[in-house]
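Shown next, in structure tokens, is the structure this report addresses.
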Amino acid sequence: MLKIINIGMNHETAPIELRERLASESDNTLKALVSMREIDVVKEGLFLSTCNRVEALFITEEVEEARKSVVSFMCKLGGIRAEEFLTCLYVLEDMDAVKHIFNVASSLDSMVLGEPQILGQIKEAYAQATNQKTSGVILNRLMHRAFHVAKRVRSETDICGAAVSISYAAVELAKKIFHVLEGKKILLIGAGEMAELAARHLLSNGVGSVMVANRTFDRAVEVAERFNALPVSFDEIGAQLFDVDIVITSTASPEYVITRSQVKKSLRKRRNRPIFFIDIAVPRDVQPEVNDLNNVYLYDIDDLKGVIELNMAQRQEAAVKAGRIVEEEVVKFEKWLKTLAVVPTIISLRNKAESIIRAEFVKSNSALGELTPVQYEAIETLTRSIVEKMLNDPIVFLKGKAGRSTLNTYLDLTTKLFNLNDLDALPQGEELMRKKVR
């Protein structure tokens, strides 16, 4: 019996030092697929490699032999000792493996619940498996159902609708203040990682231009190059407040970099256009009293964390509904998987019927005489319609027994009743019949 197996490790089971050894080389996925293709007992295979997880998903009839072979090539791929590797692995079978891949695709198993990148990474892994011809009937169906589940989770829940990182929260707040970000100008003060990330997210949301200020001007130039931005000196910050819309600060200054008086002065020339401050520095860069001014919006890191905590709670609520969707789809996939055992008998039944149709057309040659294409098509349609209706009840009955302990008994009985083991003895008359059509 074919089994679905998933062998992997993720951010919860293995340290990054171990995960990156399997994900460090750009062609590791290709090497993994080639290795799986060369393992005789692996019928189908897919390899997923991201910064947070490495997984081999495969179909086999020989679970132990396949598992050992897959673990072996994964160890070689990362240059990892087996004893070190095995302690970090999870091995999932059948519906547990199906549920897992549905959870992964839906971002229910991610470090950041609801993050959108993982679905694209899974689609890329599947595309590579398809290109390397390691994916077959079962994995094709499984992956397409995984994509369907992810789509349902995103459309039917709010799991992706709320920011859960400092940078995403900053963007979400900026959208609430400005409604649209296209054409807005950013001033980035300092070179903190979170501030840079926030700037990147704002740019991806249509912000028009970026300026970078730093105490060390060389560092400002270096950071500005990453954003195709304009470097400015620290002394120019006050002047830039006249023109920018969003200020992101992340310095190590023990004193305020932006004061209430500076901002108040800029408001006269801004003609009360709103300005948004995202202060990610600890200690704070922007004097808290700035927030008392009209059309000025100041959020420090505690404000952003509060937004994140609220949004994470919303995502956790959405995850409960998403989990129900996953469970529902697992049941549907299991039902489909069980019908695979019935498929060969159904195919044989249809082939038997097709052979009988052809043979009977041959026998009726002399009685039918010369037929026009229209007449032939009418007779063929009538004949096939009768056969389809006769076969429908047995086929529906067999599908209904899929997954039950009595299935093999009914399959054997069907084979004997319709003599499906003797298809080769039937004459093939289609070509002869076609020659009679004018």
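Please determine, by comparing only the residues of segment 264-288 that are in a loop (DSSP other than H, G, I, E, B) and among the aliphatic types (A, V, I, L, M), which one is modelled with the lowest pLDDT.
VAL282
When segment 45-85 is examined, which residues are found to be charged (D, E, K, R) and part of a strand (DSSP E or B)?
Passing the criteria: ARG53, GLU55.
Can you tell which of ALA170, ALA224, ALA198 is in contact (Cβ under 8 Å) with a residue 60 or more places away in the chain, crowded, with 19+ Cβ neighbours inside 10 Å and out of contact with any Ser or Thr (no Cβ under 8 Å at 6 or more places or on another chain)?
The unique qualifying residue is ALA170.
Do we have GLN262 as in contact with a helix residue (DSSP H, G or I) (Cβ under 6 Å, 6 or more places away or on another chain) and not aromatic (Phe, Trp, Tyr) here?
So GLN262 passes the test.
Inside segment 289-372, counting only helices (runs of 4 or more DSSP H) that do not spill past its ends, which hold 2 or more residues that are over 28 Å from MET390 (Cα atoms) and among the basic types (Lys, Arg)?
Filter on segment 289-372 gives 301-339.
What are the pairs with Cβ atoms under 9 angstrom where one residue, in segment 8-29, is over 13 Å from GLU55 (Cβ atoms) and assigned to a loop (DSSP other than H, G, I, E, B) and the other, located anywhere, is among the small types (Gly, Ala, Ser) and at pLDDT 85 or above? Sequence gap at least six, or different chains.
Matching pairs, first to second residue: SER24/GLY78.
What strands (runs of 3 or more DSSP E), lying completely within segment 147-263, carry at least 2 residues that are within 24 Å of GLU289 (Cα to Cα)?
Counting at least 2 such residues, we get 185-190, 209-214, 246-250.
Among what's in segment 362-385 and is in contact (Cβ under 8 Å) with a residue 24 or more places away in the chain and surrounded by 13 or more Cβ atoms within 10 Å (Cβ to Cβ), pick the residue that is nearest to the chain's Cα centre (by Cα).
Of everything passing the filter in segment 362-385, ARG384 is nearest to the chain's Cα centre (by Cα).
Which condition number does LEU310 fail, the rest of (1) of a type in the set (A, V, I, L, M, F, W, C); (2) at pLDDT 85 or above; (3) surrounded by fewer than 17 Cβ atoms within 10 Å (Cβ to Cβ) being met?
Of everything listed in (1) of a type in the set (A, V, I, L, M, F, W, C); (2) at pLDDT 85 or above; (3) surrounded by fewer than 17 Cβ atoms within 10 Å (Cβ to Cβ), LEU310 misses just condition (2).
Considering only segment 391-412, state which residues are among the polar types (S, T, N, Q) and assigned to a loop (DSSP other than H, G, I, E, B).
Of everything in segment 391-412, those that are among the polar types (S, T, N, Q) and assigned to a loop (DSSP other than H, G, I, E, B) turn out to be SER405, THR406.
Taking the conditions exactly as written (within 12 Å of the chain's Cα centre (by Cα), small (Gly, Ala, Ser) and in a loop (DSSP other than H, G, I, E, B)), does SER135 satisfy them or not?
The answer is no for SER135.
Confirm whether ASP109 is over 16 Å from the mean Cα position of the chain (by Cα) and touching a residue at least 24 places away in the same chain (Cβ under 8 Å).
Taking the combined requirement at face value, the residue does not satisfy it.
Kindly establish whether LYS321 is under 26 Å from ASN392 (Cβ atoms) and either of a type in the set (Phe, Trp, Tyr) or within 35 Å of the chain's Cα centre (by Cα) (or both).
Here the answer is no, as LYS321 does not meet what is asked.
Residue check: is GLN375 within 30 Å of ARG141 (Cα to Cα) and in a helix (DSSP H, G or I)?
no
Within the set of pairs 6+ apart or on separate chains, which have a first residue in segment 395-415 that is over 22 Å from ALA353 (Cβ atoms), a second that is part of a helix (DSSP H, G or I) and modelled with pLDDT under 85, and C-beta atoms under 8 Å apart?
GLY403/LYS338
Just give me the residues in segment 48-99 being more than 25 Å from SER26 (Cα to Cα) and touching an Asp or Glu at 6+ places or on another chain (Cβ under 7 Å), in sequence order.
Matches in segment 48-99: MET95 only.
Of a type in the set (Ser, Thr, Tyr) and over 40 Å from the mean Cα position of the chain (by Cα) - does that describe any residue in segment 286-301?
Looking for residues that are of a type in the set (Ser, Thr, Tyr) and over 40 Å from the mean Cα position of the chain (by Cα), one finds none in segment 286-301, hence no.
Out of curiosity, is ARG315 surrounded by 15 or more Cβ atoms within 10 Å (Cβ to Cβ) and not assigned by TED's automatic domain parsing to the domain that holds THR415?
For ARG315, the condition - surrounded by 15 or more Cβ atoms within 10 Å (Cβ to Cβ) and not assigned by TED's automatic domain parsing to the domain that holds THR415 - is met.
So that you can scan it fast, the table gives a plain yes or no per residue for (1) surrounded by 14 or more Cβ atoms within 10 Å (Cβ to Cβ); (2) assigned by TED's automatic domain parsing to the domain that holds GLY114; (3) not aliphatic (A, V, I, L, M):
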| site | (1), (2), (3) |
| --- | --- |
| ARG271 | no, no, yes |
| PHE277 | yes, no, yes |
| LEU293 | yes, no, no |
| TYR297 | yes, no, yes |
| ALA322 | yes, no, no |
| PHE333 | yes, no, yes |
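The values are calculated or read from the model by the stated rules, or taken from the named source; none is laboratory data. Quick caveat: nothing in here was measured; it's all calculated off a predicted structure. Virtual Cβ from ideal backbone geometry, glycine too; neighbours counted across all protein chains shown.
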